[in-house]
Structure formats: structure tokens, C-alpha cells
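Written out below as C-alpha cells is the structure these notes cover.
The values are calculated or read from the model by the stated rules, or taken from the named source; none is laboratory data. Being a predicted model, the structure only gives us computed values, none of them experimental. Cβ sites come from the backbone with ideal geometry, for glycine too, and all protein chains shown count toward neighbours. In case anyone asks, the SASA skips ligands and DNA or RNA and just uses the protein heavy atoms, side chains included. Shrake-Rupley method; radii C 1.70, N 1.55, O 1.52, S 1.80 Å.
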Amino acid sequence: MPVVVVATFTVKPGSADTVREACTRAIAAVHEEPGCELYALHEGENVFVFVEQWADADALKTHSTAPGVTGLFGEIGPHLDGAPDIKLLQTVVGGDPAKGQLRP
């Protein structure tokens, strides 16, 4: 069963460029990880949000220790304003299934 992750990072003032650059460099490596169905970065004011979909819990577990994400956290850690907010979610489909869930 696919696992959806929403990971939110609040950045310190003046750190947005550094965090954006580090995140965009990590994306290509993460896209190559087994079971990665979606790994998309979004940006707001002093906040970055990854919306992710993994094929299953095992793929997500492997991702959590993979070089792409461990290197990313090591690089951006000093630029974050607090700990990342990471939520693991399961899809609840309603309405039109094509519009009511993420698709790989």
C-alpha cells in the first residue's frame, strides 16, 4: 500500500536560497531510489514542503537512511528554524478517484 509523506521545513530568515539549492540537488538522487513514486518540492514564505509518495513502508524505510536524504538533512539542518514536521499518511479516496488521490 502506498505511503504519502508531507514533510515541512521552516527556514531561518535569509536561509531560503541555501535550503532551496540543497533540496533541488537532492531531488534527482531521491527520484532514483527504489519505490519513489513522487518526491516534489513546494515553497512558501520561509517554508518548504515535500509531498512524497512511496510504494510501501519498506521503500520509505530505505529512503530514510539513503544518502540523498541523510546528506540533505546534514546540509540544511543549521538553516532550519526548528525540527522538520514530517507526517506519514494513508490516502482516503472520495469523489472522483482520479482527482481524490496522488498518482505515481
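When exposed loop sites are taken as GluC sites (Glu not before Pro) in a DSSP loop with at most 12 other Cβ atoms within 10 Å, the longest stretch of the chain clear of them is 46-104.
At 222 nm, what value in deg cm²/dmol follows for the chain if DSSP H runs of at least 4 each add -39500 (n - 2.57) and the sum is divided by all its residues, to the nearest 500? So the calculated ellipticity at 222 nm is -10000 deg cm²/dmol.
The value of relative contact order for the chain, using C-alpha pairs under 8 Å at least six residues apart, is 41 percent.
The slack in the chain from Met1 to Thr70, taken as 0.36 nm per residue of separation less the alpha-carbon distance, amounts to 22.4 nm. Normalised per residue, the accessible area of the chain is 58 Å², obtained with a 1.4 Å probe and no contribution from ligands, DNA or RNA.
Mind jotting down the distance between the C-alpha centroids of the stretch 5-48 and the stretch 60-104, whole Å? Measuring centre to centre over Cα atoms gives 9 Å.
Counting only protein heavy atoms and a probe of 1.4 Å, the accessible surface of the stretch 1-87 is 57% carbon and sulfur.
Close amide H contacts of Gln53 (hydrogens built in the peptide plane, cut-off under 5 Å, sequence separation of 5 or more or a different chain): Val5, Glu37, Leu38, Tyr39.
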